[in-house]
Structures are given as C-alpha cells and as structure tokens.
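Taking it in order: structure first as structure tokens, then the write-up.
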Amino acid sequence: MSERRPYVAANWKMQKTVSETEDFLDRFLGEIGDLADRDIVICPPFTSLATAAERSRRSPVKIAAQNMHDADEGAFTGEISAVMLTSIGVEAVILGHSERRTLFGETDEALARKLISAFGAGLEPILCIGESEDERENGKTEDVLRRQLEADLEPLTGEQLPSVVIAYEPIWAIGTGKTATPDEAEEAIAFVRSVVAARDAAAAEQVRILYGGSVKPGNAADLLGREGIDGALVGGASLDPADFLAICEAA
Ligand code: PGA
C-alpha cells in the first residue's frame, strides 16, 4: 500500500473578493481542527492571494495560485510570475486547468515551461489533465491523457517528477454536476499512474493523483475511498467552508 499523503485543493476560479476570502478563512480555519495529516490547499484569485497567505500562515492550509507565466519577469502585460507568487507566501500553483486550455489557449509547450519555472521557484505544481466528452465517447481518453502527460512532464528531472501533483479532471464533469463514477475515476487514474510508471516506476508510486469534476460532500467519500485516488480538486463545492471541510474530512 502506498503512503501518499491525501491532498485536497479548493479551486475558487474567478470567485470571492478579498473580504469574502477573509470570511471564508475565518470560518474554515476555525473549524479545521485536526486535519494536519493531509494537504489542504486553497486557490483563490490573484487579488486574494496575499491576504489568504497571511491569514493561513500558522495553519495547516497552503495557498496556491490558479495560473502563472513561465518567465521570471518581462513585457507580458497582465501576467504574474512564480517568484512574485512565492514572494507573498504562495506555495503551490494550478497549471493547465481545462478552462485555461480551452478558453485561453494554454498549450502543452507552455505548460512544460511553466512546470520547470514553478519548480525553479519552489512552487508545488498541480497539473490538470483530462478528456472532453467527445474524446471519451470516441474512445480517445487514454490517448489524450498520455499525450498531455508526456508533453507536460517531459522536461522534468527524475527528482522533480515525484513532487508533481496531477489532477485528473474529465472536462465533461467540471461544473456540470455530472461526476465520473468511482469506477471511471479509478480506471482513468490508474492509467495516469501507469503512464508515469512507464517513465519512472518509483516516481509513479509517490506522485499524488487527484480526481476533479463535480466533487461534493455527498460523493467525496465514494471517490476518495478508491484505490489510487489520492485526493480531490474541488471547484463549486469549495466555495462554502462547511462543504469544503466535509470533503477534506472524506480524504
Ligand atoms: P467543479 O470544478 O468541482 O465545480 O466541477 C472542478 C475544477 O474545475 O477544478
């Protein structure tokens, strides 16, 4: 059996002002109690990161950004770099969320560079991968996952590979209320682990692989109880402190 530490991340997307972030953290941190045996990560929008990092400093919660640029600085209007994030106490970053891939043209080439830049700055990357509904219906799920993994992880060193957190998020399950069944999630995640194992078997045993897509308090235990599913990336249900806490407790 693996000894991978459970990992639960809240992806707030473009939601919550600074004062709403403060309200959430006051309630969430007040109730979190004894969950120090798992990684709990909150990913607010850029404007709330500094406040969130400050408020959660003496708590088990880590703060992550939802995106970053791969360069350290330069003429990239509207972008934020890894070192800017670490300078305010951010510890992790979501990379390659499907909304960024489909709505903002994020490419695997850029993601490979971002992963290297995140590691260079000491940020833990949470790499998102996943197939569309069309791709699943046409039997392309494994091809898509393999292609994304191989391209995105390609430049990582053998030392970096085990520290990537991978989130398997089928696009058809994100924000739709249409969760993958525990069987579907377990099968896809086992495949993801096998792709990592083809490159480095020891790294595959250590890599945390999360499920994301309409995770709620009511389905979290069934999904997170499955072999190989090490945690969850939670969107909608992470906006409410009680719901997110219930999911963290199920991990
Ligand atoms: P959801 O989002 O939980 O609202 O489906 C998950 C995600 O996009 O990370």
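Structure data summary
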{"quantity": "Subset tally (residues that are farther than 17 Å from Glu205 by Cβ and in contact with a Lys or Arg (Cβ under 9 Å, 6 or more places away or on another chain)) for the stretch 218-235", "calculated": "2"}
{"quantity": "Top-ranked residue in the stretch 1-54 [being hydroxyl-bearing (Ser, Thr, Tyr) and open to solvent by less than 20 Å² (accessible area, probe 1.4 Å); ranked as nearest to Gly96 (Cα to Cα)]", "calculated": "Tyr7"}
{"quantity": "Total residues in the stretch 101-120, condition within 16 Å of Glu150 (Cα to Cα), among the β-branched types (Val, Ile, Thr) and either open to solvent by less than 40 Å² (accessible area, probe 1.4 Å) or touching a residue at least 24 places away in the same chain (Cβ under 8 Å) (or both)", "calculated": "1"}
{"quantity": "1 or more residues of a type in the set (Asp, Glu): qualifying strands (runs of 3 or more DSSP E) within the stretch 19-115", "calculated": "39-43"}
{"quantity": "Count of residues meeting criterion [surrounded by fewer than 18 Cβ atoms within 10 Å (Cβ to Cβ) and within 16 Å of the ligand (Cβ to nearest atom)] in the stretch 125-143", "calculated": "2"}
{"quantity": "Neighbours by Cβ (under 6 Å, 6+ apart or cross-chain): first from the stretch 155-178, closer than 15 Å to Ala112 by Cα; second more than 9 Å from the ligand (Cβ to nearest atom) and assigned to a loop (DSSP other than H, G, I, E, B)", "calculated": "Leu161/Asp200"}
{"quantity": "Residue in the stretch 7-14 that is touching a strand residue (DSSP E or B) at 6+ places or on another chain (Cβ under 7 Å) and farther than 19 Å from Leu224 by Cα present", "calculated": "yes"}
{"quantity": "All positions within the stretch 80-98 that are surrounded by fewer than 19 Cβ atoms within 10 Å (Cβ to Cβ) and not hydroxyl-bearing (Ser, Thr, Tyr)", "calculated": "Ile80, Val83, Met84, Ile88, Gly89, Glu91"}
{"quantity": "Unique residue being of a type in the set (A, V, I, L, M, F, W, C), surrounded by 13 or more Cβ atoms within 10 Å (Cβ to Cβ) and in contact with a helix residue (DSSP H, G or I) (Cβ under 6 Å, 6 or more places away or on another chain) when the list is Leu161, Leu153", "calculated": "Leu161"}
{"quantity": "Subset of the stretch 195-211 [in contact (Cβ under 8 Å) with a residue 60 or more places away in the chain, open to solvent by 60 Å² or more (accessible area, probe 1.4 Å) and not acidic (Asp, Glu)]", "calculated": "Gln206"}
{"quantity": "Residue within the stretch 181-194 that is open to solvent by 10 Å² or more (accessible area, probe 1.4 Å) and among the aromatic types (Phe, Trp, Tyr) present", "calculated": "yes"}
{"quantity": "Filter result for Asp72 (more than 16 Å from the ligand (Cβ to nearest atom), under 26 Å from Gly213 (Cβ atoms), open to solvent by 10 Å² or more (accessible area, probe 1.4 Å) and of a type in the set (Asp, Glu))", "calculated": "no"}
{"quantity": "Scope the stretch 1-18; condition among the polar types (S, T, N, Q) and either part of a strand (DSSP E or B) or more than 24 Å from Ala202 (Cα to Cα) (or both); matching residues", "calculated": "Asn11, Gln15, Thr17"}
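The values are calculated or read from the model by the stated rules, or taken from the named source; none is laboratory data. These figures come from a predicted structure and were not determined experimentally. When we count neighbours, we look across all protein chains shown, and the Cβ atoms used for this are built from the backbone with ideal geometry, even at glycine. The protein model used for the area step is the full one, side chains on, heavy atoms only, and it has no ligands, DNA or RNA in it. Shrake-Rupley method; radii C 1.70, N 1.55, O 1.52, S 1.80 Å.
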